[in-house]
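K.L.:
To start, I am sharing the structure in question, which I have written as C-alpha cells.
What follows is calculated from the coordinates using simple rules that are stated; it is not laboratory data. Nothing here was measured: the structure is a model prediction, and the numbers come from that model. Counting neighbours? That spans all protein chains shown, and the Cβs are built from the backbone with ideal geometry, glycine included.
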Amino acid sequence: MAFDPTVRIQQDDFDIKSEIEALTAGQGNTGAVVTFSGLCRDEDGTLSALELEHYPGMAESEIRRIAVEAADRWPLGGVTVIHRVGKIRPGENIVLVAATSKHRQAAFDGAHFIMDFLKSDAPFWKREIARDGRSGSWVDAKDRDNDALKRWR
C-alpha cells in the first residue's frame, strides 16, 4: 500500500467536495473516485436526532485496519473515512467513505467493503432521539447489514 488512509472521527460536519479535493491532490494517475455519504434521516417525521458514541482510539484503529485491508484487496490510490459522533440531526452528514483508483471497479469495491464494515462491525453506538424528546434504546446492526459484510469474508 503506497498511501496512509485518512481516518477521522469528529463532531463537526465535513464538506464532501473539500474532502475529495484533498484525497485526489497530487494523484495524477487517478481515474475514479467513489464516494458514499450517509445522512441522518428523520424516520418519517418521528426522529429528532441520532446520538452516536464511539470508543476513542479503538474506533480509529479498527477503521484504519479495514481501510488497509481494502487497499490490500484492491489497487486503491487513496482512502478517506470520516465518521461523525455526537448529536446528529436529520439531513446532516453522518459518514463519508471515499476511495480512489486507476479504474472504477476497484474504487467501487473498496468503498463498498469499507462501508459494509462500518455498518456492522465498527465500534460505534447509535441511539435514536424521538421528536418528543424521549431517547430510544441503542440501535443494533440489522441482519441485512451483517449479511452484507459476510459476503466479503
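K.L.:
Give me a comma-separated list of calculated 3J(HN,Hα) values for the stretch 88-105, in order, Karplus coefficients 6.51, -1.76, 1.60 applied at θ = phi - 60°, integers in Hz, x for any Gly or Pro.
P.N.:
10, 8, x, x, 8, 5, 10, 9, 10, 10, 10, 9, 10, 7, 5, 10, 5, 4
K.L.:
Between I94 and residues 5 or more places away or on another chain, which pairs have amide H atoms under 5 Å apart, with H built 1.01 Å from N, and which residues are they?
P.N.:
The list, which skips near neighbours in sequence, is G38, L39, C40.
K.L.:
Cβ neighbours within 10 Å, averaged per peptide: list 48-56, 2-10 in order, most packed at the top.
P.N.:
Working: 48-56: 17.4, 2-10: 15.1.
Answer by packing, highest mean first, reads 48-56, 2-10.
K.L.:
Amide H neighbours of R131 under 5 Å, counting only residues 5+ apart in sequence or on other chains, H built in-plane at 1.01 Å?
P.N.:
Those lying under 5 Å, H to H, from R131 are L47, S48.
K.L.:
Where does the charge balance sit around G31 when Lys and Arg score +1, Asp and Glu -1, over other residues with C-beta under 12 Å from its C-beta?
P.N.:
Numbers: positive: K102, R104; negative: none.
Computed value for this residue: +2.
K.L.:
Across all directions of projection, what mean area in square nanometres is found for the Cα convex hull of the chain?
P.N.:
Numbers: hull surface 36.4 nm².
Over all viewing directions, the chain projects a mean Cα-hull area of 9.1 nm².
K.L.:
What order do you get for 62-69, 119-126, 86-93 when each peptide is scored by the mean count of other beta carbon atoms within 10 Å, highest first?
P.N.:
62-69, 119-126, 86-93
K.L.:
At a Cα cut-off below 16 Å, give the lysines reachable from K87, other chains included and same-chain residues fewer than 8 away excluded.
P.N.:
K126
K.L.:
In whole Hz and in residue order, list the ³J(HN,Hα) couplings for the stretch 106-112 that follow from phi through the Karplus curve 6.51 cos²θ - 1.76 cosθ + 1.60, θ = phi - 60°; x for Gly and Pro.
P.N.:
4, 5, 4, 5, x, 5, 4
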